[in-house]
Structures are given as C-alpha cells and as structure tokens.
1. If I stretch the segment between A:V37 and A:L25 completely, what's the gain in nm (0.36 nm per residue apart, minus their alpha carbon distance), one decimal?
2. Among A:I173, A:G162, A:T205, whose Cα projects farthest towards the positive end of the dipole of the range A:67-294, with charges put on the beta-carbon of Lys, Arg (+1) and Asp, Glu (-1)?
3. Just how far, in whole angstrom, is the range B:1-30 from the range A:94-150 if you go by their alpha carbon centroids?
4. Work from the charge dipole of the range B:229-357 (Cβ charges, +1 for Lys and Arg, -1 for Asp and Glu, about the Cα centre) and give the residue of B:Y310, B:S233, B:I327 farthest towards its positive end.
5. Going by Cα centres, the range B:103-148 and the range B:238-295 are how many Å apart?
6. Average partner chain C-beta neighbours within 10 Å, per residue of B:72-80?
7. For each of B:V132, B:V155, count neighbouring Cβ atoms within 10 Å of the residue's Cβ, then give the residues from fewest to most.
8. Below 16 Å, Cα to Cα, which aspartates and glutamates can B:K264 reach? Residues fewer than 8 away in the same chain don't count.
Amino acid sequence: MLNQLKARFGSGLAIGIVGMIAIWLIALVIMPQLLMVDYSFRPNLLPADIGGPKDTYSLVNYETLFSNQIHLKIFFKTIWSSVLVTALTLIVSYPIAFYLAKVATPQKAALCLLLLIIPFWINEILRTFSWYIILAYKGPLNAALLGLGLIDRPIRFLSGDGGVLIGMVYAYILFMIFPIYNAIESLDTNQIKAARNLGAGWIRTHWRVIIPHAKPGIATGCIMTFMLAAGSYAVPALLGSPGSRWFTQIIYNWFFEGGNWNQGAAYAFLLLVICIGFIALVMRVFKVGLGDIAR
Amino acid sequence: MDSSVHLDNVVMQFGDFTAIQKSDLKIESGEFFSFLGPSGCGKTTILNMISGFLDPTEGCVKIGGQDMAGVPANKRPTSMIFQNLALFPLMTVAENIEFGLEVRGVSKSERKKASDRLLELVALEGSGHKKVSELSGGQKQRIAIARALAVEPQVLLLDEPLSALDLKLRQHMRTELKEIQRKTGITFIYITHDQGEALTMSDRVAVMSAGRIQQVADPITLYRDPKTAFVASFVGENNAIQGKVERIDSGIAEIHCGELGVLKGRVQSSVAVGEEATLFIRPEHFRLQAEEGMLSIAVEIEEVNFEGAYLTLSTSTAAASKQNLTIQLGAHQYNDDLAKGKALSLSYNVSDAIVIGGDSNA
C-alpha cells in the first residue's frame, strides 16, 4: 500500500498518510483497548497504591462475574436476548429486503427505502424514547388495542423484556435489511424465474436459490445486529425494567457508579470475547468467510 | 400427448402500452416454432405468457388444450431455457439438472439416473460433480438444455439461448437443438432476433413487429412469399421500389415507379389500382443478362464487395432519383469489368418480384 501511495503522491505525503493512519489506529484504537485489558487484570486501588506492592496481576476481576450469580444471570440473559433480537430482526427484515430487492418497482423501492431511513435521522435516544411512549401502560398502542377490542385491559409492555426486544428490533433493523437487500439485489432475477419454471414453490425457491445466495448478507446482518444488541445501552436503559437489566448496564455501573474501572474492564472484555465467539459461530453456521462478509 | 400451445386471442398491456396486439396462434404438438423479430417486438412477452410469468390482459393461453389461466409458473408443463441460461451457480451440474426432479419429490437414486441419462444426451457424461463455473460456454448451454428437459416438459421455451455463443458454436448448437427436438418429440418454442437461427431450425416461424404477429409460415414460404412489407424487408435482404399500381391482371401488378417506368411483380397482399404499393426484388434475383420475358432497370455500379462465395454490388439507378439497388452475384460471375461507375442493365423475372400494398416504410 505504501508503494502505491508513494507512486501516486510522492514519498513525503505517502509516509504522512500512512503515519497518520498508524497513529490513529495505535493511539486511539489499539492502545486504549490494551490499556483496558491491562486494567482488567489488576485490582482497584487508591491512586497512592498504584504501582505499589499490592498492584499485582490476577484473575480476581474475572472471577467476580462467576461468583456473582445475579451478574452471571444478566450476562447470559444479555447474550440470549441478543440472539433473540437477532433472530427476530432477521425474520422481520428478510421479507422486507426481498420485497425491496425483487418485488417492488424501482420507484416503490426507493420510496420504501427513504421511509425506512428517515426515522434514523433522529437520535437513537429519541427514537427509543418514542417507543417508551408508544408502549406505555396508558400509551397509544394499548389504547388502540383496547379500542379494537383485542384486549380487555392494558398490557404492561415495559415490564419484562418485551419492550427491550421490540425497541432493539426497531433500532437495528436497518443494519439487517441493508446487507440482505444488497445480497438479494445482486441475484439474477432469472435464477428465481428458473427455479419457479422448474416447478419450485415459493418456499423452496427461497430455501434453495435465494437464501443460499443471500447468505453472506444474512451473516453480515446477523453479526451487526447481535453486536449492536449485546452492546446496547440506551434501549435497555429506557425501555427495560429493573428485572430486564442488560449486561452493559452492569459494566456502566462498575465504571461510573462503582468507580471500579478494573472490574468494569474485565466485564467488558468478557462481553467482547463472547461477541467474537458469536461471530465465529455465525460464520461457521453460514459457511461464510471474512472475505464474503467484507464484500 | 397433446402438447400444442394455443394463444387464444391474447392481448398484453402494460399500463397504456400494448406489448402484444390481439393475436391468435396455434402451435402444433411437436413443432419447432420460432418467434422472430427485432428487440422490443414483444416476443419475450409471449414467452413469459406461455411460461406463466405474465398473465395476458385479454384472451388466454392453452397448453395441450388446457386453459392455463390461474395456473402459476411452477405448475405449468413448460420449461424454459433463459438467454443467460440462469444455471444455479451454487449447485453442482448434477444438482442443477436434478433440481426440477427434487422439487417433484423424486428419490435420490431416480434423480441420479435421470441426470446421468440427460448428461449422456447432451454429450457431457461424467460432468455431474463439476461446478457450473468450471464449464465452458457451450457446456453450460447443454447443461441448461439438460436441466430444462429433466422435468419432461410438454413445451420447451427457448429465449435466445444461443446469442452468447460464438459463431461456430452457435451453428453447431443449432444442429444439436434440432436433433434433441427430433429425439424428444416435444414442442419447441424458440425466440430469436437472428433470422438464420429461425429459418434453419424451425418448422414454422412467426415474424413479429411492434407487438403484432406479421406472418406465420414455414421458412421457405416466409422467404418467397412475404405477406407484409415488414416481413419482406426483415427476412433476408430486399430491394424496395415505391410506386403506384396501374393495372392488375391475373395476379401480376404493373406499377408505375416514377422515372424507372412501369415494373411488374406478383401481387402478395391486397392492392388496388391507383394505390401506393411497393415492389420487392431480392438481390439474388437480378441477372446481368436479360432473358425472354424479363424486365430491366438501368443502373450504375457504386461499390463492389467481394464476400467469398458471392459478391454484392451496390448500385444506383441511372434515373435522377438515384434509387439504391443491391445485387448479389455468384463469385464465378466476378470479372474486372465490374467496377465503380460501370453502367449495367439489371433484369429480373416478374415471378421473382412481389408487390405489397402501401408504403414499405409504414
């Protein structure tokens, strides 16, 4: 890369560009991460004791999670709920992506995409808060359901995980729709016609022709949605109840309320490890490589 | 088995645009039938109506006498070979061929037997395990044929399947397609803009233009006796001379062609005395030596093109109108005298010229 840049911009500018990228990556991305890893293995000490005899490396911070049943439960619940959010988002997004890519006329598809994107011009906190209003006990959704006579009394959407799941599916739907939409769009429509022509019904056409082709897009969407869901803070904070705390909230508490960065760093690092494990698993299940996803 | 296809007064409209004008056409069981026309003439629309991807706005499609209205594409006894073949790239060659059988719930061993048999038919034995991307263009073509035949369709629809191949391969595949059609005995409906393909392979050809079926005939009739000006000029080469009908006598029309004087030709479509008409003479029907009963036109050579087996002369009439006429001669007639500027007298048999009513540009 350096040689190409040299050929184009001359060596001075080329070294400058590469140097800046290197500084950015090392100082602003890699070093802070390594610092956090370093923190996570050290005890939380008073400033005076840092670097002193008590400052030794240990796994104590990591063991805390496994000895704290509540935190451990929230940890696994977060992972499980994120899987659920990912699955729900996929179920909702695939038909939309297929419709946009292959069924809708170009004008309609453009209009739908615009309608999907416009709400995302608004800050995530505000969008999430609007769901807080919609899902409230005396909110419009309950009013509508009551009005239609579908329920006898309002449902408490915001207690338990329901509100969080709905909020997250909504918050991350675009990250699922777009990769799948791109993947399906690149499929030659004649492939679909050929499958139909050879006698395949819609389910088989999707299963054997469209989904295999869209697999990298589906994998990308699932990974992004899962990462965002597992790392989400605003949605569970606003739409969750005390019973549906997210692991990110625990991490936040260690950092900013407990004042224990070392403990928080260990928790954050564990979440990161699990997320990377999830990516590896998804890539295995979908039999896609990193190259397919980067496309 | 009756595998005829009947387009029963079909009309296809997209909004205000009429893609197919009212057409009624019966394609016989076991026929090799072609739709020939320039791009945008509606031939692919017809294929889509037969295969069930489009429903006609009016009329209906009948296959084997059965009305296909409401029968979805995946339930029709048709199978299609796409212009870009549309083989499934993520499946092996055998999986591609077996797909239609897999859909129908045929057992694995039966499917294997069928794909082996079809691979043999298209002379690609032992290629079943290969990936589609490992095949050459001609091999892909044959796999597409095998895949379409695997479902044992009553009607095979071919959408310009040879257009992506090079000339030699295309000519070879023509013979092969014809051979496969003969072996299987199913109805082939072939879409093409290449008249060579249509004329060499088909039992009958429908020439289409602007959503209208201009003429349906066997290739020889189509070439010898075109019924419309479009067919006359689209199928093969033709010289068109405008004029006004002066006299019609036992199928021969005399038309006055301005400075060229009175020329004669066989009447092909309804023409009436006093009306505009076009006289068509094919380049190969001109003679340099006049014989008994021939008519002649005086011209001057503008260009001589030697094309191997034959040579074409571009000429313009000696008269002031400078009407361009193209002449085709056998290569043996070539001599050094034939050069730009030489005056010639072109003669033709009245029975070789045809007269079609109206303006040829209409």
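Coordinate-derived values only; no laboratory data. Predicted, not measured: the structure shown is a model, and the values here were computed from it. With ideal geometry, Cβ positions are generated from the backbone for all residues, glycine too; neighbour counts draw on all protein chains shown.
1. My answer for the length gained is 2.7 nm.
2. Positive-end residue among those listed: A:T205.
3. Between the Cα centre of the range A:94-150 and that of the range B:1-30, the gap is 44 Å.
4. It is B:S233, whose Cα lies furthest towards the positive end.
5. Taking the Cα centre of the range B:238-295 as reference, the centre of the range B:103-148 is 55 Å away.
6. Whole-number average of other-chain Cβ neighbours for B:72-80 is 4.
7. With the sparsest Cβ surroundings first, the list reads B:V132, B:V155.
8. Correct list for B:K264: B:D225, B:E246, B:D249, B:E254, B:E275, B:E276, B:E291, B:E292, B:D352.
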